[in-house]
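Okay, so here's the structure we're looking at.
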Amino acid sequence: MNDEQPASKKPAVIRVNGSWCKRCGICVAFCPKDVLEINEGNLEVARPDDCIACMLCELRCPDFAITVEKE
Amino acid sequence: MFNYLKFIRTRNFPHIWCPGCGDGIILKALIRAIDGLDISRDEAVMVSGIGCSSRTPGYVDINTLHTTHGRALPFATGVKHASPDLNVIVVTGDGDATAIGGNHYIHAARRNINLTVLLYNNYIYGMTGGQCSPTTPRGDRASTAPYGNIEPPFNTAGLAISAGASFVARADVYNVKRCEKMIRQALEKDGFSLVEILTPCPTAYGRRNRMANPVKLMEWLRDNTVPVQKWEKLSPEEREGKVRVGVLADTEKPEFTAEYRKLIERVQGE
């Protein structure tokens, strides 16, 4: 709708602490926008531009391993 | 983004809980509730017994007390009695609170002492090898019930209500915002406040009950928990196999430490 908005503007930055993450997959399964993926045993923010900053991955992460920073 | 770092002992991380265990989700909800009520770290005490849930005090940077199996409530009663101004939070499991500590559980509720009790209910003894607990549902499998449990489970929250607790709620870790809200209400309540929190145990419970993947257990919570308002509209058949969540009891009753203070004033005045 808004053509003026720069393409790089994202609602949030998702950070993963790989040494605390246990790859349980809860964040991946319940992300409403399918942003996260587990690839070769690592949690990856595969589609960061799709993130809507709903915070559900951070809230449901049992390992204190995900933070979602709203910009 | 919530900054948990000021409330946790980072040197003990990553924590020992299994991948997909809900205990970490509860701890985070508790930290947010404590922070949201502006309770300082010095004003909060966490007391636990033995079990997976009872490892929680090792990770949280407030005053903590890790005690013996089933005895978190007596220790917490002592702390509260000595310093009624502290916010005393008990973290316990279904085995710790309703089996070995069952008597303490009903009597602390009856006494209506101002404790906030988080009862992590994962339907099993996780730490000791997946034995049946008093909350294991009928028909489910455990290491001590390889062909299915034939005993009916305790209604843990109902037990606290009938014993006299002034605030009783049930929450689950899938609906994590609601869980946080219940914990917050329990912290605010003046009296014995129980929040029973349904939490997945993929290792000891899930693996034996066709839900080894943590996501399956979270989906089970999503699909089988019913908020109290909706529960009222369901027929007995529709309630079958479902779990009611929300605030189940919220009443005003005399609180133990306040009554004790009154007693001292009365007797000393004589």
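Computed from the coordinates by the stated procedures, all read-outs in this text should not be read as laboratory data. Since the model is a prediction, treat every value here as computed from it, not as a measurement. Please note: Cβ atoms are built from the backbone with ideal geometry, for glycine as well, and neighbour counts cover all protein chains shown.
HN-Hα J couplings of region B:76-82 from phi, Karplus 6.51/-1.76/1.60, θ = phi - 60°, integer Hz, Gly and Pro as x?
These are the phi-based 3J(HN,Hα) values: 5, 4, x, 4, 5, 5, 6 Hz.
Can you give the local net charge around B:L118? Use residues other than it whose beta-carbon is closer than 15 angstrom to its beta-carbon, Lys and Arg +1, Asp and Glu -1. All intermediate terms of the calculation are to be shown ahead of the outcome.
On the way: positive: B:K28, B:R32, B:R55, B:R170, B:R178, B:K181, B:R184, B:K189; negative: B:D23, B:D94, B:D96, B:D172, B:E180, B:E188, B:E196.
Cβ neighbours under 15 Å give a net charge of +1.
Compute the projected area of the convex hull of the Cα atoms of region B:168-270, averaged over all viewing directions, and report it in nm² to one decimal place. Write down the numbers at each step before the final one.
Values: hull surface 37.5 nm².
Its average projected convex-hull area is 9.4 nm².
Give the shape of region B:28-130 as rounded, prolate or oblate, defined through the alpha-carbon gyration tensor: a ≥ b ≥ c are the square roots of its eigenvalues, a/c under 1.5 means rounded, and otherwise the shape is prolate if a/b is larger than b/c and oblate if not.
Working: a/c = 1.92, a/b = 1.28, b/c = 1.50.
Note, shape of region B:28-130 comes out oblate.
What nm value, rounded to one decimal, do you get for the distance between B:K242 and B:L5 when each label is placed 7 Å out toward the C-beta?
4.4 nm
What is the set of long-range amide H partners of B:T199 at a cut-off below 5 Å, with H atoms built 1.01 Å from backbone N?
B:N121, B:N122
If you keep only loop residues by DSSP, which trypsin sites (Lys or Arg not before Pro) in region B:164-270 have at most 15 other Cβ atoms within 10 Å of their Cβ?
On the way: sites: B:R170, B:K177, B:R178, B:K181, B:R184, B:K189, B:R207, B:R208, B:R210, B:K216, B:R222, B:K230, B:K233, B:R239, B:K242, B:R244, B:R261, B:K262, B:R266; in loops: B:K189, B:R210, B:K233, B:K242.
In loop regions of region B:164-270 (DSSP not H, G, I, E or B), the sparsely surrounded trypsin sites (Lys or Arg not before Pro) are B:R210, B:K233, B:K242.
Once each part is reduced to its C-alpha centroid, what is the distance from region A:10-71 to region B:23-39 in angstrom?
20 Å
Quick one: compute a quarter of the convex hull surface over the Cα atoms of chain B and quote it in nm².
Average projection, Cα convex hull of chain B: 14.9 nm².
Per residue of A:63-70, count partner chain C-beta atoms within 10 Å of its C-beta, then hand back the mean as an integer.
4
By count of other Cβ within 10 Å, fewest leading, how are B:M211, B:M1 ordered? Provide the component values of the computation, followed by the final result.
Working: B:M211 18, B:M1 15.
In order of increasing Cβ crowding within 10 Å: B:M1, B:M211.
Given H placed on each backbone N at 1.01 Å, which residues far from B:V243 in sequence or on other chains put an amide H within less than 5 Å of it?
Amide H neighbours of B:V243, under 5 Å, 5+ apart: B:T225, B:V226.
Pick from B:I89, B:I16, B:I124: which residue has the top mean-square fluctuation in a GNM of chain B where Cα pairs under 10 Å get a spring?
Taking springs between Cα atoms under 10 Å, the residue moving most is B:I16.
Sorted by packing (mean other beta-carbon atoms within 10 Å per residue), highest first, where do B:65-75, A:32-42, A:59-69 land? Don't skip to the answer; put the middle values down first.
Working: B:65-75: 20.3, A:32-42: 12.7, A:59-69: 22.1.
Going by the mean number of other Cβ atoms within 10 Å, highest first, we get A:59-69, B:65-75, A:32-42.
Can you tell me the Rg and the Dmax, both Å, for the Cα atoms in the protein assembly as shown?
For the protein assembly as shown, the Cα-based Rg and Dmax read 20.9, 81 Å.
Other chains near B:214-226: what is the mean number of their Cβ atoms within 10 Å of each residue's Cβ?
Numbers: counts 7, 7, 1, 1, 6, 2, 0, 0, 1, 0, 0, 0, 0.
What the average comes to for B:214-226 is 2.
If you restrict to DSSP beta bridges whose two residues both lie in the protein assembly as shown, what percentage is antiparallel, to the nearest 5?
Details: 17 of 46 bridges.
Once the DSSP bridges in the protein assembly as shown are tallied, antiparallel ones form about 35 percent.
Among B:T144, B:T136, B:T203, which one shows the biggest mean-square fluctuation in a GNM of chain B, springs joining Cα atoms closer than 10 Å?
B:T144
Which order do peptides B:20-27, A:20-27 fall in by mean Cβ count within 10 Å, highest first? List each step's numbers first, then the result.
Numbers: B:20-27: 28.0, A:20-27: 21.8.
Descending packing order for the listed peptides: B:20-27, A:20-27.
Just to be sure I understand: with springs between alpha-carbon atoms less than 10 Å apart, which residue in B:Y205, B:Y120, B:Y260 has the highest mean-square fluctuation in the Gaussian network model of chain B?
In the Gaussian network model the winner is B:Y260.
Just how far, in whole angstrom, is region B:161-192 from region B:100-126 if you go by their alpha carbon centroids?
13 Å
On each of the three principal axes of the Cα atoms of chain A, give max minus min coordinate, whole Å, ordered largest first.
41, 22, 20
From the square roots a ≥ b ≥ c of the eigenvalues of the alpha-carbon gyration tensor of region B:69-118, which class results: rounded (a/c under 1.5), prolate (a/b over b/c), or oblate? Each step should come with its number before you reach the end.
Details: a/c = 2.07, a/b = 1.72, b/c = 1.21.
Here region B:69-118 falls in the prolate category.
Which cross-chain or sequence-distant (5 or more) residues have an amide H under 5 Å from the amide H of B:V117, H modelled 1.01 Å from N in plane?
Those lying under 5 Å, H to H, from B:V117 are B:V90, B:S193, B:L194, B:V195.
Over the whole of A:27-33, what's the average partner chain Cβ count within 10 Å per residue? Rounded to a whole number, please.
On the way: counts 1, 1, 6, 5, 0, 0, 0.
That average works out to 2.
Principal axis lengths of region B:166-213 from Cα atoms, whole Å, largest first?
Largest to smallest, the principal-axis extents are 40, 19, 11 Å.
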